[in-house]
Amino acid sequence: MRGYEESREGSLEAIVKAPAFLTAAHELKSPLSLIRQLALYADSDSASPEDISRTLEQIKLTSERALRLTTNLTKTARLSDSLFGLEPVDSGVICHQVVEEIQPLYKARGSDVVLAGRMSPVLCVANRELLKRVLLNFADNALNYGETKEPVRLSVVLHSDNHLVRFGVRDFGPAIPAKLWLALKRRIDEGLVQPVSGRPDSSGLGMLIAKRFAEMMDAQIGVIRHRNGATFYLDVKASNQMALL
Amino acid sequence: MKNIAKILLVDDDKWYLEWLSKYLRQELGCEVTVATNGVEAIRFMDDAMPDVVLLDLFMTGPNGIALLHEMQSYQDLSKIPVIICSNEIDSVRDMVSNDQLRTYGVVGLLDKGTASLADYIDSVTRVKVWV
């Protein structure tokens, strides 16, 4: 029993000292701090009925965002083949669901997210829930880092001789500086997070989670740099089931 | 000396800026301007010198530390008092000493996670501007 307790403490110590643990704590602290402040303001004499209504909506959307992150963290910790089976998934349906879920947050922030063109019924081999979470992650990221009024665009295309389905989330703003671009690529390739005090732009926790989810689906994430923004993409295997009909 | 008339809020969270700017305007009757990054903040300061800046250090893009450096490089901007508002006040204290903060014109620290609405008012009203 003592050996078990010692080994358990050692494991816990390793966990709390891991950079990702601190990063996750900070990423959760920000929305919780905002929720608290909004609640204080809504409760004050300074807030008009319109202010209160808008503030309550902001509290709801911020808490939903924080819950998405905590759920993603839990799922990342519990990833195993048996829990997340793969099946043919209609790409267009997933994209519609993602837009429907995150659009209220976009609208509340004065932005918009749209589907790029008509969604053909392209089937991919994925886990429905993990696929949706990766795309929500990308869309959440685009909301925070896109800088123009141009709507963020969600797209689906077949490529690599129709062997892969590429889901793309395109945001618009200034081009990512070269130094940040290289750091971002490194985070995606190596799954790195960085401590809060050293972050030039973000912690990379979202990318780490997206990468782990993608790996469970034998998929890959990546990013394309444009002169006016970036596209974060997820390449998933195309399903041959439609070809058999 | 005069009381605070112009406040500049610098933070990358638009909803935080929205409620705080409304609240300070209503409670203090001040002119409150918001900026979501250091570049916007400097641009505003070029046009209209604020009496005090409330600044989040850890922002996306050009962060608050870069802005503090930039302000110190101009004689007029270096005199503007700064109140740091952050969710990571412990990290700030680990990184820099109080003496170092003072050299950057920092006159106060507010922990966004625990500050009350009255704390924001107290911090700003304690700053007196020399004319």
Descending Cα extents along the principal axes, the protein assembly as shown, whole Å: 82, 60, 43
Using θ = phi - 60° and Karplus 6.51 cos²θ - 1.76 cosθ + 1.60, couplings along region A:218-233 (whole Hz; Gly, Pro as x): 6, 10, 9, 9, x, 9, 10, 8, 10, 5, 10, x, 8, 10, 9, 10
Number of partner chain Cβ atoms within 10 Å, mean per residue of A:46-53: 2
Residue-wise HN-Hα coupling along region B:27-34, computed from phi with Karplus coefficients 6.51, -1.76, 1.60 (Hz; x: Gly, Pro): 7, 10, x, 8, 7, 10, 10, 10
Average beta-carbon neighbours from other chains, 10 Å sphere, peptide B:8-17: 3
Amide H contacts under 5 Å for A:GLY229, placed H, 5+ residues apart: A:GLY173, A:ALA175, A:ILE176
Cβ crowding within 10 Å averaged over residues, with A:207-216, A:57-66, A:220-229 ranked highest first: A:207-216, A:57-66, A:220-229
Full-stretch length increase - A:GLU150, A:LEU180 - with 0.36 nm per residue and alpha-carbon distance subtracted: 8.6 nm
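Summarise the partner chain shielding of A:37-44 as one whole number: the mean count of Cβ atoms from other chains within 10 Å of each residue's Cβ.
Numbers: counts 12, 4, 0, 7, 6, 1, 1, 6.
Partner Cβ neighbours, averaged per residue: 5.
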Qualifying lysines (Cα of each under 18 Å from Cα of B:LYS6; at least 8 residues distant if same chain): B:LYS22, B:LYS79, B:LYS128
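Throughout, read-outs are computed from the coordinates displayed, never taken from laboratory work. Source: prediction; values computed, not measured. Positions of Cβ are generated from backbone atoms using ideal geometry, with glycine treated the same way; all protein chains shown enter the neighbour counts.
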